Every structure is written in C-alpha cells, then in structure tokens.
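*Asks:* To start, I am sharing the structure in question, which I have written as structure tokens.
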Amino acid sequence: MSGLLASAPVQMSRVDLVTAMAASSGWTKAGADRALRAFLASVRTSLKRGQPVTLVGFGTFSVTRRKPWKGKNPRTGQPMHVAGGRTPRFKPSKELKRAVR
C-alpha cells in the first residue's frame, strides 16, 4: 500500500491561488485578490438569483433543488423528516475534464 500513494496531493489555498493569479497576470497580489473576490461575489449573487454561471472551457455553476426526504437521527435511530433546499452544483466542461486526465 505504501507504494500506491507516495505523497498526498497538496491542496491549493486561496492565498496560493491569488499568488498564482498575480504571477501569471502581472498584477499585484492585492489586485489579484480584489479580482478573485469580485468574481466569487458575482458568482454567488447569480446563484442566489437562480441564474447559472457558465465559463466556456471551464464549466457551469448552477443551483439545484433537493426534495425533502425521510432520514434517521444518527444518535437515536428515530425516523425524522429532513427538509429539502437549494444546493450549488458545478459541472466541469469537456475541456476541463480532458485537461485533468
């Protein structure tokens, strides 16, 4: 088993992403951080309105509805009603899937 996973992949943090954006765009880190915050705020606002956000070559962010269902209380084992709701989804584009393979 030790040969299968030599080392765990390192997760890219927000700071790492801002640093990479600044390096590839020539912006300052502060400018890249503002751009990332503006992008995320725009996506969040569109999803709150129920509008999907499509980035050609990357993927689509959307909101789906989950129906209510009957579940079990994990502590007591008693049946319980779980409310449905809206949840964000991301569907990667074919280009992104190909790039990751």
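*Asks:* May I ask you to list pairs of residues, at least six apart or on different chains, whose Cβ atoms are under 7 Å apart, with the first in region 15-27 being assigned by TED's automatic domain parsing to the domain that holds residue 38 and surrounded by 15 or more Cβ atoms within 10 Å (Cβ to Cβ) and the second being basic (Lys, Arg) and assigned to a helix (DSSP H, G or I)?
*Replies:* These pairs meet every condition: 18/29; 19/29; 22/29.
*Asks:* List every residue pair whose Cβ atoms sit under 8 Å apart, with the two residues 6 or more apart in sequence or on different chains, where the first one lies in region 35-54 and is in the same structural domain as residue 19 (by TED's automatic domain parsing) and the second, anywhere, is exposed (fewer than 15 other Cβ atoms within 10 Å of the Cβ) and part of a loop (DSSP other than H, G, I, E, B).
*Replies:* Partner pairs satisfying both residue conditions: 46/52.
*Asks:* Out of region 74-86, which residues are surrounded by 10 or more Cβ atoms within 10 Å (Cβ to Cβ) and not in a strand (DSSP E or B)?
*Replies:* The answer is 84, and nothing else.
*Asks:* Here is a further query. When region 50-66 is examined, which residues are found to be under 12 Å from residue 88 (Cα atoms) and part of a loop (DSSP other than H, G, I, E, B)?
*Replies:* 50, 51, 52
The values are calculated or read from the model by the stated rules, or taken from the named source; none is laboratory data. Predicted model only: the values in this text are computed from it and were never measured. Methodologically, a virtual Cβ is constructed for each residue, glycine included, from the backbone with ideal geometry; neighbour enumeration extends over all protein chains shown.
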